[in-house]
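Notes follow the structure.
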Amino acid sequence: EPVLWWSPNPRMVLFPEQVVINRSLRKIIQQQRFELRINSAFEQVMQACAHTPRHGQPGTWIVPEMIAAYTQLHAMGYAHSVEAWQHNTLVGGCYGIKIGRMFYGESMFHHVSNASKVAFAHMVQWLQMQQVGMIDCQMHTPLLASFGAYEIPRELFIERLLCLIQDDATE
């Protein structure tokens, strides 16, 4: 099938400075159950996102052509992943695209409970250090809402997006 472009309205976003890490996730992070790495297994994360079954979803948009394109973006420094490892085995992770001060979250997976949540929390922390102003989560999910993401009208999303891109162009 052709690759389609989606622009949902409203748009789910997360502002890194407003991230919420609940008490139970903070405990898991403090227990250091996972070794966290950044950009060490980008293509593996995409492959895992593509092949990990999701409840209520019969397939995936992450086809081989998308993996090839995003892997090229990773080589160019635009696509990033955070991986959660246990005993040198990739057990969870997430990835997305960073352009300027914007981050576009794409997908996440876990093979061990809480691995993707811990990876996502680490990614948000890394994005804060990168001075990212907004994370595009695209669609509402209970998980993203639990981190403090919320929906905004597409018009406001585009307005903030343009400001963040302009901020990057002037630096």
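Please list the three semi-axes, largest first and in whole Å, of the ellipsoid equivalent to region 91-171, using sqrt of 5 times the eigenvalues of its alpha carbon gyration tensor.
24, 15, 9
With each run of n ≥ 4 DSSP H residues scored as -39500 (n - 2.57), what mean residue ellipticity at 222 nm is computed for the chain after dividing by its residue count and rounding to the nearest 500 deg cm²/dmol?
It comes out at -12000 deg cm²/dmol, rounded to the nearest 500.
Suppose every Lys and Arg Cβ carries +1 and every Asp and Glu Cβ carries -1, with no other charges. What dipole size does the chain come out with about its Cα centre, to the nearest 20 debye?
Charge dipole of the chain: 700 debye, to the nearest 20.
Using a Gaussian network model of the chain whose springs link C-alpha atoms within less than 10 Å, name the residue from Glu43, Glu83, Glu159 with the highest mean-square fluctuation.
Glu159
Rank Ser7, Met102, Tyr150 by how far each Cα sits towards the positive end of the charge dipole of the chain (+1 on Lys, Arg Cβ; -1 on Asp, Glu Cβ) and give me just the farthest.
It is Tyr150.
I'd like to know which of Val112, Ala50, His140 lies farthest towards the positive end of the charge dipole of the chain, counting +1 on Cβ of Lys and Arg and -1 on Cβ of Asp and Glu.
Of the options given, the answer is Val112.
Quick one, what does Rg over Rh come out to for the chain if you take C-alpha atoms and the Kirkwood Rh? If you can, show how the numbers build up before the last one.
Working: Rg = 15.6 Å, Rh = 16.5 Å.
On the Cα set of the chain, Rg over Rh gives 0.95.
Report the gain in length on full extension from Glu17 to Arg33: 0.36 nm times residue separation, minus Cα-Cα distance, nm rounded to one decimal. Spell out each step's value before the answer.
Details: separation 16, 0.36 × 16 = 5.76 nm, distance 2.48 nm.
Working it through step by step, the gained length comes to 3.3 nm.
Take the eigenvalues of the Cα gyration tensor for region 1-89, scale each by 5, and report the square roots as semi-axes in whole Å, largest first. Provide the component values of the computation, followed by the final result.
Numbers: eigenvalues 132, 76, 47 Å².
The three semi-axes for region 1-89 are 26, 20, 15 Å.
Take the Cβ-Cβ distance between Val63 and Ser7 as r, set R0 to 30 Å, and report the resulting FRET efficiency rounded to the nearest 0.05.
So, using R0 = 30 Å, E works out to roughly 0.90.
Taken together, the values in this text are just the output of simple stated rules run on the coordinates, not laboratory data. Note that the coordinates shown come from a computational prediction; the quantities given were computed from them, not determined experimentally. Neighbour counts are summed over all protein chains in view; Cβ atoms, including those assigned to glycine, are modelled from backbone coordinates with ideal geometry.
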